[in-house]
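First up is the structure itself, then whatever we jot down about it.
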């Protein structure tokens, strides 16, 4: 009679015998530990690549001792906030205020206009809707340098309502060109098309109009997409550099990006002050993303699953 543990089966597999044969669970356990170690090493490498430069920047900005030219500290050398106060006195505070004004009004108008345009494109049937969407998407294909001179000429001819001058060197000139952006219109249009029509039909039977349906039904269901558009819109407005160079004519109107760039080009300031200004520029973007992280991820996942 043949021993089962010593002869292969009909499938070509050899059953484990009684004498000292290794369990398959032991091999899989070792393989699991190897994969875990490799995964931890990958995470450590990613953290070192992405977080180590940011950490060294903050550590150098908080250091009392000044580093050598082109070098940074991995740990604060004498903890102090002198570099941040010095950077603040060189116009970082005013630049932060200007950037905050651009963000509050620019992002609010951008999301409002984009959501209304997306609702019209997603729900209203009119001739040429596809052509309108194509034109809107075509604006994303043009670099900012291509439209820089026409944008400057147009802004210079638009009257400012309070001083009756042009929009140059004003908050209006910094904010209005940021209102119309194709990316949030595209994202919100695709998301609103997936909202069930039955909900709107039931609301219309109860006497609700388009504006009430839009505010009470469509927008609450589009919160993940709005969160995604808010993160992208915040970064787009916060990183503006070419537009302020075209519009702003007095240094007091410069946003934080222009102020930090001017400080980086100064050879008289130490590296700690320049890195402190760069850290101030970075912190709002990080905090805004962390605040909307859940909505941002839900919007991306919803788009990948339904798109």
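The values are calculated or read from the model by the stated rules, or taken from the named source; none is laboratory data. These numbers come from a predicted model, not from an experiment. Glycine gets a Cβ as well: all are built from the backbone with ideal geometry, and neighbour counts include every protein chain shown.
Among the residues of the range 272-280, are any in a loop (DSSP other than H, G, I, E, B), in contact with a helix residue (DSSP H, G or I) (Cβ under 8 Å, 6 or more places away or on another chain) and surrounded by fewer than 22 Cβ atoms within 10 Å (Cβ to Cβ)?
Kept after step one, since they are in a loop (DSSP other than H, G, I, E, B), are these residues of the range 272-280: none.
No, the range 272-280 contains no residue that is in a loop (DSSP other than H, G, I, E, B), in contact with a helix residue (DSSP H, G or I) (Cβ under 8 Å, 6 or more places away or on another chain) and surrounded by fewer than 22 Cβ atoms within 10 Å (Cβ to Cβ).
This table checks each residue for (1) surrounded by fewer than 17 Cβ atoms within 10 Å (Cβ to Cβ); (2) out of contact with any helix residue (DSSP H, G or I) (no Cβ under 6 Å at 6 or more places or on another chain); (3) in a helix (DSSP H, G or I); (4) touching a residue at least 40 places away in the same chain (Cβ under 8 Å).
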| residue | (1), (2), (3), (4) |
| --- | --- |
| 184 | no, no, yes, yes |
| 191 | no, no, yes, yes |
| 194 | yes, no, no, yes |
| 200 | no, no, yes, yes |
| 207 | yes, yes, no, no |
| 214 | no, no, yes, yes |
| 226 | no, yes, yes, yes |
| 230 | no, yes, yes, yes |
| 237 | no, no, yes, yes |
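Just one of (1) surrounded by 16 or more Cβ atoms within 10 Å (Cβ to Cβ); (2) part of a helix (DSSP H, G or I) trips up residue 156, so point out which.
Among (1) surrounded by 16 or more Cβ atoms within 10 Å (Cβ to Cβ); (2) part of a helix (DSSP H, G or I), the lone unmet condition for residue 156 is (1).
Working only within the range 47-81, note down all residues that are free of Cβ contacts under 8 Å to residues at least 40 places away in the same chain, part of a helix (DSSP H, G or I) and either exposed (fewer than 15 other Cβ atoms within 10 Å of the Cβ) or in the same structural domain as residue 264 (by TED's automatic domain parsing) (or both).
Of everything in the range 47-81, those that are free of Cβ contacts under 8 Å to residues at least 40 places away in the same chain, part of a helix (DSSP H, G or I) and either exposed (fewer than 15 other Cβ atoms within 10 Å of the Cβ) or in the same structural domain as residue 264 (by TED's automatic domain parsing) (or both) turn out to be 47, 48, 49, 50, 51, 52, 53.
Which residues, taken from the range 239-271, are touching a residue at least 60 places away in the same chain (Cβ under 8 Å), in a helix (DSSP H, G or I) and within 30 Å of residue 185 (Cα to Cα)?
Once the filter is applied, which keeps residues that are touching a residue at least 60 places away in the same chain (Cβ under 8 Å), in a helix (DSSP H, G or I) and within 30 Å of residue 185 (Cα to Cα), the range 239-271 yields 242, 243, 244, 246, 247, 253, 256, 257, 258.
Does any residue of the range 86-95 turn out to be under 25 Å from the mean Cα position of the chain (by Cα), surrounded by 11 or more Cβ atoms within 10 Å (Cβ to Cβ) and closer than 30 Å to residue 182 by Cβ?
Yes.
Okay, residues lined up against (1) in contact with a strand residue (DSSP E or B) (Cβ under 8 Å, 6 or more places away or on another chain); (2) assigned to a helix (DSSP H, G or I); (3) more than 25 Å from residue 258 (Cβ to Cβ); (4) in the same structural domain as residue 231 (by TED's automatic domain parsing):
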{"position": "110", "(1), (2), (3), (4)": "no, yes, no, yes"}
{"position": "115", "(1), (2), (3), (4)": "no, yes, yes, yes"}
{"position": "119", "(1), (2), (3), (4)": "no, yes, yes, yes"}
{"position": "127", "(1), (2), (3), (4)": "no, no, yes, yes"}
{"position": "130", "(1), (2), (3), (4)": "no, yes, yes, yes"}
